[in-house]
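Trainee: Encoded as structure tokens, here's the structure I'll be asking about.
Each reported figure results from applying straightforward, stated rules to the coordinates on display, with no laboratory input. Remember, it's a predicted structure, so these values are computed and weren't measured experimentally. Using ideal geometry, Cβ is built from the backbone for each residue, glycine included, and neighbour counts are taken over all protein chains shown.
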Amino acid sequence: MAIDIFSGDGVFAMTVPQLSKQIVPRVRRIALWLNELNDDYLQAFRSEGVEIVALLQATHPQVSSFTVHDLFYGNDQLSQFAKIVAPADWIDNDSYRQYALCVQRMGFFPGSTTMDTHSGGIYPASELEDWARVHLNHALRLLEGTGAEEVWFGFTPHLGVDNMLALAALKTGRKCLVFQQSRSAPKFTCRQLGAPSSHQFRELGWKPWEQGATPPNLFYMRDNLNPNRWHGDLAPRLRLFFQQLRAFDRAGVSQRMHYAASRRGWWWLCYLLELTDARTRGWAWQRKYSRKQYAREREDRDGIRDLATLGKFVYFPLQYEPEENVHVLGGNYRNQLDAVIALHQALPEGWSLAIKENPMQTWQHRGVPYHLRLRDLDRVKFIHPSTPSLALINAACLVATITGTAGYEALLAGKPCVYFGNPWYKGLPGTVQFVEGIDLSLCATTEIEQDALDQGVNALFSGMADGLIHPRYANIHAAHHHLPDLYREAVRSMLRISASLA
């Protein structure tokens with residue numbers, strides 16, 4: 001199959017075999033997308049003969065690194081690679097929608113190169129398609145310029161530019177693998193993008209898991225990611241902040257202040273910071289209105305406190321947006337309200353749908369059209385935010401979610417779970433995928449035996465690859481002196497998976 005790729009000087013044709021003919025059975029040159037790479041992990045790659053020719057999002061002084069800002073706007077290194085323009089038909093409707101959902105969650109405070117999901121993912125609809133093509137071209141130039149043979153992701157692409165990198169890899173015949181770390185074990189799953197299934201990886205003979213079903217570690221919902229937070233996280237941030245002050249880096253200081261203020265809900269400070277720069281002044285008024293509208297809507301519905309008044313109900317905890325777990329892993333329900341409406345239409349007579357807002361949710365993705373769509377659903381009941389989620393799970397007939405952890409918590413409590421997307425726990429006893437015409441009253445009669453759930457979890461984790469692929473999870477999986485072994489085990493597992501593919 002010939003693919004026309006347009007260069008800056010004219011048109012030349014390359015075929016998929018020509019682009020991929022240098023791939024060898026054992027991977028040696030990879031482009032790695034990960035948001036953290038430490039020395040121990042890098043040494044594990046090198047000891048197994050893997051060369052990281054491009055490190056994406058994270059940075060490391062010993063590796064050719066590209067930040068999200070570099071991939072978004074370009075940098076000196078990318079400009080040195082040959083210019084390549086992708087064919088227009090590479091971006092179809094589904095890949096464009098996926099890109100649009102993902103890229104709007106990220107932004108850069110004007111003048112800053114630090115990406116976050118709070119300071120400014122505002123891109124006019126008229127520009128989105130052009131940005132998608134710019135980012136696809138950047139990805140092509142990087143892959144060809146670095147000579148990457150495969151692309152490995154440490155999580156599902158969900159930032160827009162990484163979606164375009166995955167598309168570029170697939171269109172040029174490169175293997176594109178997504179490795180997803182388990183939050184409950186030093187295990188990880190793998191998915192080959194562009195392939196129909198990943199079940200083949202379960203047959204490679206991984207270590208058995210025998211600890212059964214246990215409560216999930218919700219470290220990402222609490223501030224315990226790093227127990228030595230002052231020395232491990234806050235201290236370097238403060239040092240960088242004062243370095244920026246001394247260097248009169250106004251954009252860097254403003255970005256950090258804006259990020260800190262948004263994390264704490266100090267919207268007045270965000271508003272003042274946005275007003276001080278002509279490039280963000282337009283945001284200030286728009287966002288102030290959106291925040292006030294969201295606050296007004298929440299005040300208008302105090303929320304139900306007495307669960308006994310609900311009668312029979314399905315509990316649907318809203319997931320935080322914007323986020324990978326909805327906008328990517330949601331499948332056909334990448335708009336969370338589509339799932340709410342589908343569930344509302346499937347409710348048995350006399351049942352209601354209890355919704356509770358995510359405690360981490362802000363005004364983003366909660367604008368005027370969001371509330372207008374919800375107002376059309378007469379059997380949707382909002383729950384007061386102070387109501388514990390576990391109390392709702394115990395009182396509900398069943399729990400429904402796109403991919404949320406509440407689904408797994410429901411199984412632990414003996415309640416069935418209906419899921420819409422691609423959660424890690426799908427297939428366990430008590431889980432049911434939502435389909436049109438589903439009988440929710442029948443689903444609610446499902447009994448979950450603890451022994452069966454334990455066996456299901458053991459089988460699930462036993463089919464996952466071994467090792468630690470994401471340094472973010474280090475503190476919950478092993479003591480520091482064991483981490484180098486876990487990293488090397490992970491690299492060996494990734495190589496085994498890659499070698500098993502055609």
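Trainee: In whole Hz, with x marking every Gly and Pro, tabulate ³J(HN,Hα) for region 254-266 from phi via Karplus 6.51 cos²θ - 1.76 cosθ + 1.60, θ = phi - 60°.
Mentor: 4, 4, 5, 5, 5, 5, 4, 5, 5, 5, 9, x, 8
Trainee: Give the residue list of trypsin sites (Lys or Arg not before Pro) in region 261-295 that are DSSP loop and have at most 12 other beta-carbon atoms within 10 angstrom.
Mentor: ARG279
Trainee: For region 47-130, just run the numbers: alpha carbon Rg, then divide by 2.2 N^0.38 Å, N being how many residues it has.
Mentor: Normalised Cα radius of gyration, region 47-130: 1.29.
Trainee: Each residue of region 310-317 in turn: what ³J(HN,Hα) in whole Hz from Karplus with 6.51, -1.76, 1.60 and θ = phi - 60°, glycine and Pro shown as x?
Mentor: Running phi through 6.51 cos²θ - 1.76 cosθ + 1.60 with θ = phi - 60° gives 7, x, 7, 8, 9, 9, 10, x Hz.
Trainee: How would you rank 95-107, 140-152, highest first, on the average number of other Cβ atoms within 10 Å across their residues?
Mentor: Descending packing order for the listed peptides: 140-152, 95-107.
Trainee: Order these peptides, 44-52, 418-426, by their mean beta-carbon neighbour count within 10 angstrom, highest first.
Mentor: Highest to lowest by the protection proxy: 418-426, 44-52.
Trainee: In Å and from the alpha-carbon atoms only, list the Rg and Dmax of region 74-198.
Mentor: 15.3, 44
Trainee: Which value, in nm² and rounded to one decimal, describes the direction-averaged projected area of the C-alpha convex hull of region 297-406?
Mentor: Result: a mean projected hull area of 6.6 nm².
Trainee: Kindly provide the Kirkwood hydrodynamic radius of region 378-502 in Å, to one decimal, from all pairs of distinct alpha carbon atoms.
Mentor: The answer is 17.2 Å.
Trainee: State the extension gain, in nm to one decimal, for the chain segment bounded by PHE81 and HIS371, taking 0.36 nm per residue of separation less the distance between their alpha-carbons.
Mentor: Length gained, PHE81 through HIS371: 99.7 nm.
Trainee: Where a Cα-Cα gap under 23 Å defines reach, which lysines qualify for LYS171, not counting those fewer than 8 residues away within the same chain?
Mentor: Reachable lysines: LYS21, LYS83.
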